[in-house]
Amino acid sequence: MPELPEMETYKTLLQQFIGGQTITKAMVTREKSVNLSTEQFILRVTNQKIEAFERRAKYLIFHLQNGSCLLLHLMLGGWMFYGKDEDRPEHTVQVKLSFGDHHLYFIGLRLGYLHLLTPERLEKKFLKIGPEPLSSSFSIDMFFDRMKSRRGGLKTTLMNQEVIAGIGNRYSDEILWHAQLLPERKINELDHGQFVRLYESIRFILQKAIQHGGYMAEPLFKQDSKTGGYPMSVHGLEGKECPRCGTPIVKVEMSTRKTYFCKNCQQ
């Protein structure tokens, strides 16, 4: 599932490609991927200029000229491709937005969606979402304050979108490996130094992942050399050597999630 770095990468690239451009045509092949009838969705987005892009947690927001917003959540398996018809990947497209002879294809939206919302409905959608971990307001003091009363495990807490926005299964593993903390450790077991280390690792790993274009293998456009450049240190690498100590990486299931860590240098 795309997490904060992947959606931030999409935001940056799409702003360059279609920021300020007008949607000249729209197509919906799976009505469940949108929140209106196919006809109403197409009618309301066609001829609308995309004023700006915004990311919130794992969501991408398309701000339209008339004040409404397109809210995208890719969920599991969703991705996008931008290009001409001849460049389109051989995958089923659920929604297509056209910008002249270039198109933005939404692929794999079996669980994901693209909803047209008013600003008021968008605001309600985010009422329970926690703070952005890379914002200037996300200080160490704020982090302590949000964590001090919690008793859950580190991995499940990091993935809780009401606690911190945008971290999912993959980057929780990467963050905890970098912080040298085991995923099953309890929040209330950490000392001050470990709290500081965890806070710094959250910001370091997410920033590094954004710099490398996230993990997703599917390119956003033809000859895309940016998307998917982030090399995982532990997630998905069961049996491989830990980059820090050489111990084989372990995979376990925690709350039905595949979890990867080094049992030697994470404590």
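The values are calculated or read from the model by the stated rules, or taken from the named source; none is laboratory data. Keep in mind it's a predicted model, so treat the numbers as computed, not measured. Cβ placement follows ideal geometry from the backbone for every residue including glycine, while neighbour counts extend to all protein chains displayed. These accessible areas exclude ligands, DNA and RNA; they are computed on the full protein's heavy atoms, side chains included. Shrake-Rupley method; radii C 1.70, N 1.55, O 1.52, S 1.80 Å.
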> When the stretch 160-184 is examined, which residues are found to be open to solvent by 20 Å² or more (accessible area, probe 1.4 Å), in contact (Cβ under 8 Å) with a residue 40 or more places away in the chain and either assigned to a loop (DSSP other than H, G, I, E, B) or under 20 Å from Tyr59 (Cβ atoms) (or both)?
Replying inline: Gln161, Asn169, Arg170, Gln180, Leu182, Glu184
> Restricting attention to the stretch 195-214, which residues are open to solvent by 30 Å² or more (accessible area, probe 1.4 Å) and in contact with a Ser or Thr (Cβ under 8 Å, 6 or more places away or on another chain)?
Replying inline: Ile210
> Pick from the stretch 133-159 the residues that are among the hydrophobic types (A, V, I, L, M, F, W, C), surrounded by 18 or more Cβ atoms within 10 Å (Cβ to Cβ) and at pLDDT 95 or above: which of them is nearest to the chain's Cα centre (by Cα)?
Replying inline: Met159
>> Residues that are in contact with a Phe, Trp or Tyr (Cβ under 9 Å, 6 or more places away or on another chain) and open to solvent by 20 Å² or more (accessible area, probe 1.4 Å), at least 3 per element: which strands (runs of 3 or more DSSP E) completely within the stretch 1-84 meet that?
In response: 50-56
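Yes/no matrix, rows are residues, columns are (1) of a type outside the set (Ser, Thr, Tyr); (2) in contact with a strand residue (DSSP E or B) (Cβ under 9 Å, 6 or more places away or on another chain); (3) at pLDDT 95 or above:
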{"site": "Pro5", "(1), (2), (3)": "yes, no, yes"}
{"site": "Thr38", "(1), (2), (3)": "no, yes, yes"}
{"site": "Phe62", "(1), (2), (3)": "yes, yes, yes"}
{"site": "Ser68", "(1), (2), (3)": "no, yes, yes"}
{"site": "Tyr82", "(1), (2), (3)": "no, yes, yes"}
{"site": "Arg88", "(1), (2), (3)": "yes, yes, no"}
{"site": "Tyr105", "(1), (2), (3)": "no, yes, yes"}
{"site": "Gly112", "(1), (2), (3)": "yes, yes, yes"}
> For Ser98, are the conditions met, namely being outside the structural domain of Leu198 (by the TED database), more than 15 Å from the chain's Cα centre (by Cα) and within 30 Å of Arg197 (Cα to Cα)?
Replying inline: no
> Would the stretch 108-123 turn up any residue that is under 24 Å from Gln40 (Cβ atoms), open to solvent by 50 Å² or more (accessible area, probe 1.4 Å) and under 15 Å from the mean Cα position of the chain (by Cα)?
Replying inline: yes
> Quick one: what pairs do we get from the stretch 19-38, first residue on the phi > 0 side of the Ramachandran plot, second open to solvent by 40 Å² or more (accessible area, probe 1.4 Å), C-beta under 7 Å, 6+ apart or different chains?
Replying inline: Gly20/Lys49
>> Quick check on Ile249: is it within 26 Å of Met142 (Cβ to Cβ) and surrounded by 14 or more Cβ atoms within 10 Å (Cβ to Cβ)?
In response: no
> What pairs come up if the first residue lies in the stretch 188-213 and is modelled with pLDDT under 95, the second is open to solvent by 40 Å² or more (accessible area, probe 1.4 Å), and their beta carbons are under 7 Å apart, counting only those six or more places apart or on different chains?
Replying inline: Asn188/Arg151
